[in-house]
Amino acid sequence: MIAEQLDFYQETENLSKYQPLVDLDTVNLFSDSKKFYQKRAEYILNGFQQKLDNGEFLEVPLAINVLSTANKYLEEDDQTQKVKYFQAIEQDSSRLIAEAMRKNSWEYYPPVFEEYDPIQNDLKSNGINLSDVLRNGLSPLAKEEEKKIRVQEFVEHQVNLEIINLIEDDHEVRLLSIKECPDYVIDEYVNNKSSEKLYGGYVPEIEKMVIQLTKLSKQGASIELIGLSGKNIDHQIITQFLSEKNIIQDPNITKMELRSKQFIVEDDSLNIFDFVEQLDEFSSEKTGKNIFLGEIISDNQEKDYLNAIEQSISRQKSYETKVKNLSRYLIDLCEQGNHPIKAEQELVQFLKRSLFNHVLEHNEQAKTIFNDNVARDIAMINVLIDNKETKQAQDLMKESFNKAPLISFCGAGSCGLIAVSQSSLESKTVHSLGLKGEVIKDTVRACIFCGKKEIFYDTKGNKACANCKSSEINKNIKSKLRKTA
């Protein structure tokens, strides 16, 4: 067995009743490593936070940068590497489209391979070093809970590299992990429910989770995913299942604690759908509902997991034109010199327009991509069109589009920054204080002089407060506040 070959069997008298999975946290070999990488990630994060506190905005990575790979593509002169960067853009676009098209339902994502580079001791995806990506993900601009998740991802990556270095040439280690929709995102949705709000790539409407199967070898890592609704297979169901199978000892662990865990898959015959099937069966037993891929189905409906894989692959092949259009759009946004924050907002609107047009032709997908309200509107629009009531159809189409929720894609956490129109009063105010060109508003952090959340940045990292008129231009700080006696 793989764990035995690596000599990291858990040392416990209470052997698991469910032999295929072993909690990696019970392996003493990696306990110190996880603590070390946790401290390293926090050190990097704190370093970026210090730069932000010092006003060095351009030295701080954004929580989300939709143009990062497009920028690499445009700046690259080597044609071989340029092709790899374009493949990376297409890969990201493919995943984004697939997530958006199946927002409110399950979806399977076939394995993506990351090549291991023994010289740099890192995994690469289309020539991009993943350690760099994860390091830049440690952004102080992310929300507090999201920072913890990114620290976990950094630690997980580094531990995976350690495992790769321990594996013998002809062996493979398989790791299963469960990443649920964080509670802070669900709380935001429950308290807000705004169609104009993004939730950082999460889908709190169905509390969506991701089950990930990672296969590690000397050649690299293969990452396979399936996204499921968390409504019927919720956190309690998952932890109860893992506890009853004696995979974890504490059934009361939090979502964040579960997210940080990786489970060694000891049974080579166990695939990702086998695990999902067992969760479905466990949930069906506990809830009294018939659950298939996290969703309630009729009692006479067949649970065909093999067909589910084929459906997903077939669906994703049909998105090829959309993927190419999106890839080209991202490059165009970058070529036009858009700030990444503005580009993200443009991207969201582009996707919304594109997929709304899609559901006008494919009515049955409106509920999965948007919601019940849009699905009802689309059905009515088609009735109006059939009745040749063109004006009413157009009016309802416009109204429905405006009310439709924004398209969700995996941005991994909002950064609280928004692009501001150059013609707005706020933009004119901060331009008069010395900011130039596109300006970004910080909706999270307050001005140190007046305490108001009215800080704006330009693309050169200069900042100004529209409330108290204080500014920092080329690191020259000016405060317009009157001195107290």
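The values are calculated or read from the model by the stated rules, or taken from the named source; none is laboratory data. In this text the structure is predicted, and so the values were computed from the model without any measurement. We place every Cβ from the backbone using ideal geometry, glycine too, and count neighbours over all the protein chains shown.
What is the number of the single condition among (1) modelled with pLDDT of 85 or more; (2) closer than 17 Å to Ser139 by Cβ that Lys72 does not meet?
Among (1) modelled with pLDDT of 85 or more; (2) closer than 17 Å to Ser139 by Cβ, Lys72 violates only (2).
Applying the selection to the stretch 83-110, what residues are over 27 Å from Lys367 (Cα atoms), in contact (Cβ under 8 Å) with a residue 12 or more places away in the chain and of a type outside the set (S, T, N, Q)? So that I can check it myself, show each step before the final result.
Taking the stretch 83-110 and keeping what is over 27 Å from Lys367 (Cα atoms), we get 83-89.
The next check asks that each one be in contact (Cβ under 8 Å) with a residue 12 or more places away in the chain; those that pass are 84-89.
Answer for the stretch 83-110, where residues must be over 27 Å from Lys367 (Cα atoms), in contact (Cβ under 8 Å) with a residue 12 or more places away in the chain and of a type outside the set (S, T, N, Q): Lys84, Tyr85, Phe86, Ala88, Ile89.
Return yes or no: is Arg150 outside any strand (DSSP E or B) and closer than 30 Å to Lys231 by Cβ?
Considered against the rule, which asks whether it is outside any strand (DSSP E or B) and closer than 30 Å to Lys231 by Cβ, Arg150 comes out as yes.
If Thr80 satisfies every condition in (1) surrounded by fewer than 20 Cβ atoms within 10 Å (Cβ to Cβ); (2) part of a helix (DSSP H, G or I); (3) in contact (Cβ under 8 Å) with a residue 60 or more places away in the chain; (4) more than 15 Å from the chain's Cα centre (by Cα) but one, which is the exception?
It is condition (3) that Thr80 fails.
Using beta carbons and a limit of 6 Å, which pairs, at least six apart or on different chains, have the first residue in the stretch 451-472 and free of Cβ contacts under 8 Å to residues at least 40 places away in the same chain and of a type in the set (Asp, Glu) and the second one buried (at least 23 other Cβ atoms within 10 Å of the Cβ) and not in a loop (DSSP other than H, G, I, E, B)?
Close Cβ pairs satisfying both conditions: Glu454/Cys465; Asp458/Val439.
Which one is farthest from Pro140 (Cα to Cα), of the residues in the stretch 156-193 that are β-branched (Val, Ile, Thr), touching a residue at least 60 places away in the same chain (Cβ under 8 Å) and surrounded by fewer than 22 Cβ atoms within 10 Å (Cβ to Cβ)?
Ile167
On the given criteria, is Lys342 touching a strand residue (DSSP E or B) at 6+ places or on another chain (Cβ under 6 Å), touching a residue at least 12 places away in the same chain (Cβ under 8 Å) and not assigned by TED's automatic domain parsing to the domain that holds Ser177?
yes
Could we say that Ser400 is surrounded by 14 or more Cβ atoms within 10 Å (Cβ to Cβ), small (Gly, Ala, Ser), at pLDDT 80 or above and closer than 30 Å to Asp372 by Cα here?
Judged against the criteria, Ser400 is a match.
The rows are residues; the columns are (1) hydroxyl-bearing (Ser, Thr, Tyr); (2) assigned by TED's automatic domain parsing to the domain that holds Glu156; (3) surrounded by fewer than 16 Cβ atoms within 10 Å (Cβ to Cβ); (4) within 25 Å of Gln345 (Cα to Cα).
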site: Phe36; (1), (2), (3), (4): no, yes, yes, no
site: Ala41; (1), (2), (3), (4): no, yes, no, no
site: Gly47; (1), (2), (3), (4): no, yes, yes, no
site: Asp53; (1), (2), (3), (4): no, yes, yes, no
site: Leu62; (1), (2), (3), (4): no, yes, no, yes
site: Val66; (1), (2), (3), (4): no, yes, no, yes
site: Glu76; (1), (2), (3), (4): no, yes, no, no
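Looking only at residues in the stretch 83-96 that are buried (at least 16 other Cβ atoms within 10 Å of the Cβ) and of a type in the set (A, V, I, L, M, F, W, C), which one is farthest from the chain's Cα centre (by Cα)?
Phe86
Criterion first (in contact with a strand residue (DSSP E or B) (Cβ under 8 Å, 6 or more places away or on another chain), modelled with pLDDT of 95 or more and surrounded by fewer than 19 Cβ atoms within 10 Å (Cβ to Cβ)) does Glu115 satisfy it?
yes
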